[in-house]
Amino acid sequence: MAQKKFVCSVCGYVHNGDKAPEVCPVCKQSGVFTEVKEKKGLDTNSNAYTIIYAAIIVVIVAVLLALVSQVLSPRQAANKLLDTQKQILVALNQDYSTTDPAALYLSLVNDTIDVNGAPVYVANIEGETKYILKLHGAGLWGGIGGFLALDADKNTIYGINFNHESETPGLGAEIVTEKFRSQFPGKHIKNVAGEVVSVAVLKAGKLAEGQEQVDALSGATITCDGVSTMLATNLAEYAEFLNQVDNVSEANQQREATDVNEENQQREATNVSDSEQEKEE
Amino acid sequence: MAFLSQKTKEVLFGPLNINNPVVVQVLGICSALAVTVQLKPALVMGIAVTIIVAMANVIISLIRNTIPMRIRIIVQLVVVAALVTLVSEVLKAFAYDVAMQLSVYIGLIITNCILMGRLEAFAMTNKVWDSFLDGLGNGFGYAIILVMVAFVRELFGAGTLLGFRVIPESWYVANGGFYENCGMMMMPAMALIIVGGIIWAHRGLNKEVK
């Protein structure tokens, strides 16, 4: 492939080949070709050049990205923390548009309890204690999450907030809207017997058995099922903590009840009616 | 006007109409389907692609004579991926809300065929300034189609534009009216049909496009 280039000094015709032709095919003059040397000394198609070039490009890009990541990570972490605080404020039905959200958060939330590795935030709003549980689950395209605020009885929902990674705009992504969230406050996550049964998200017209329910969004069935499952499984994980309101003497019974609950929860996540039959038996 | 010669004008404004990347070259269709349910993500995506395609064009044009031909596609991809990652990191640090909204779309930009297409077809063989204009032109050409599709889909699918209600609540059947949103508009298939409609109209109006 070591072709040389020759250019005709009369008409400018370029010939590619090992040696210059005797007569120019365009202007028919002889002995007018001169060899054209490549402008650069490097052959950009050689193996060595290609490998070195690739290595240099990769190193430059890697160093650049690592540097940017290092420089920006404190700011990103601060943004993430602020975002969490804002989400908790939304779950607590607080309006932070006119105040500094970080300051408002610090004035309300005064403790964090660790429950089996998951955080429970304790807030104080106008003298009343609120517990905020962190939620995480799966939607249609990616993860969904949120924060659930409960009253001091660990039963009544005070407020809720959802977030999602990549649900469909206009459909699943609508779970973050006020319209959907406002259905939750006032609902109870425990049944009459005091067992944690979560709240179902169901199509309008369908009735949940043994638990309270909210309406699902039309056109977002899988996302809403995801929300329902997320609430059920996450609350089951918190069940021990949620049952601690009862008397100490009942603690043992309570613990057994918790285990049964957890089983029920898991079944409920897949099939609500099955677990209902189980209870009746 | 020396600032924009006939050629540079063509480079900048051609992609808006006669040489549109979406309706003529049929590139970048995948993201046109994904982000056009609502107007806002479509706008943001259009702007993001415009910025990144212009920047990538400039960088590739600058180093075009040093790139080994055999790995040129890989080099282009590395430049695009690095730029997108960079933009995403900067957004996370300085505009967290925007970064959260864009989340998946940022990744989608890397796979947008328009970027690779322009880098390979234009920036590899053209000067820096022309490449920059070509990037801007193609980005805008892409954004225009996205906005048109999103406009139709959000208006008829949800009755809103940019989140603001356009079709009054009282018109809806649920409130005793006569109107119902078109659920089809929310489906990706409808975006394809709308893009098809735009291509049809565009070719009807421009006989020279084949």
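The values are calculated or read from the model by the stated rules, or taken from the named source; none is laboratory data. Since this is a predicted model, take the numbers as computed values, not measurements. Here the Cβ is made from the backbone with ideal geometry for all residues, glycine too, and neighbour counts use every protein chain on show.
A few notes on this one:
- Here region B:59-74 is the region considered, the condition is being in contact with a helix residue (DSSP H, G or I) (Cβ under 8 Å, 6 or more places away or on another chain) and not aliphatic (A, V, I, L, M), and the residue that is surrounded by the fewest Cβ atoms within 10 Å (Cβ to Cβ) is B:Arg70.
- Residue match in region B:60-70 (condition: within 9 Å of chain A (Cβ to nearest Cβ), on the phi < 0 side of the Ramachandran plot and part of a helix (DSSP H, G or I)): yes
- Qualifying residue in region A:3-25 (condition: of a type in the set (D, E, K, R), at the interface with chain B (Cβ under 10 Å from one of its Cβ atoms) and surrounded by 12 or more Cβ atoms within 10 Å (Cβ to Cβ)): no
- Only one entry in B:Val26, B:Val37 is within 14 Å of chain A (Cβ to nearest Cβ), outside any helix (DSSP H, G or I) and modelled with pLDDT under 90, namely B:Val37.
- Any hit, region A:129-136, residues being surrounded by fewer than 22 Cβ atoms within 10 Å (Cβ to Cβ), under 21 Å from the mean Cα position of the chain (by Cα) and within 29 Å of A:Gly219 (Cα to Cα): yes
- Residues in region A:58-81 that are surrounded by 15 or more Cβ atoms within 10 Å (Cβ to Cβ) and within 16 Å of the chain's Cα centre (by Cα): A:Gln76, A:Asn79.
- Residue among B:Gly197, B:Gly183, B:Gly176, B:Gly157 that is exposed (fewer than 12 other Cβ atoms within 10 Å of the Cβ) and either in contact (Cβ under 8 Å) with a residue 24 or more places away in the chain or away from chain A (no Cβ under 14 Å) (or both): B:Gly176
- Of the residues making up region A:94-149, those that are more than 14 Å from every other protein chain (Cβ to nearest Cβ), among the β-branched types (Val, Ile, Thr) and either assigned to a strand (DSSP E or B) or closer than 17 Å to A:Asn234 by Cα (or both) are A:Val109, A:Thr112, A:Ile113, A:Val115, A:Val120, A:Val122, A:Ile125, A:Thr129, A:Ile132.
- Within region A:69-93, being among the hydroxyl-bearing types (Ser, Thr, Tyr) and within 10 Å of chain B (Cβ to nearest Cβ) holds for A:Ser69, A:Ser73.
- Restricting attention to region A:182-201 and to residues that are buried (at least 20 other Cβ atoms within 10 Å of the Cβ) and not aliphatic (A, V, I, L, M), the residue that is nearest to A:Ala236 (Cα to Cα) turns out to be A:Ser198.
- Condition check for A:Asn93 on (1) modelled with pLDDT under 90; (2) surrounded by fewer than 18 Cβ atoms within 10 Å (Cβ to Cβ); (3) at negative phi: one failure, at (3).
- Residue within region B:42-58 that is within 14 Å of chain A (Cβ to nearest Cβ), more than 24 Å from A:Glu165 (Cβ to Cβ), modelled with pLDDT of 85 or more and in contact with a helix residue (DSSP H, G or I) (Cβ under 6 Å, 6 or more places away or on another chain) present: yes
Conditions (1) within 25 Å of B:Met187 (Cα to Cα); (2) out of contact with any Phe, Trp or Tyr (no Cβ under 8 Å at 6 or more places or on another chain); (3) modelled with pLDDT under 85, marked per residue:
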position	(1), (2), (3)
A:Leu171	yes, yes, yes
A:Ile175	yes, no, no
A:Phe180	yes, no, no
A:Val192	no, yes, yes
A:Leu217	yes, no, no
A:Gln244	no, yes, yes
A:Glu256	no, yes, yes
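- Within region A:50-68, residues that are facing chain B (nearest Cβ under 9 Å) have Cβ atoms under 6 Å from residues that are of a type in the set (S, T, N, Q) and part of a helix (DSSP H, G or I) in these pairs: A:Leu65/B:Thr85, counting only partners at least 6 apart in sequence or on another chain.
- If only residues of region B:92-116 that are over 19 Å from the mean Cα position of the chain (by Cα) and buried (at least 19 other Cβ atoms within 10 Å of the Cβ) are counted, the one that is nearest to B:Val22 (Cα to Cα) is B:Lys92.
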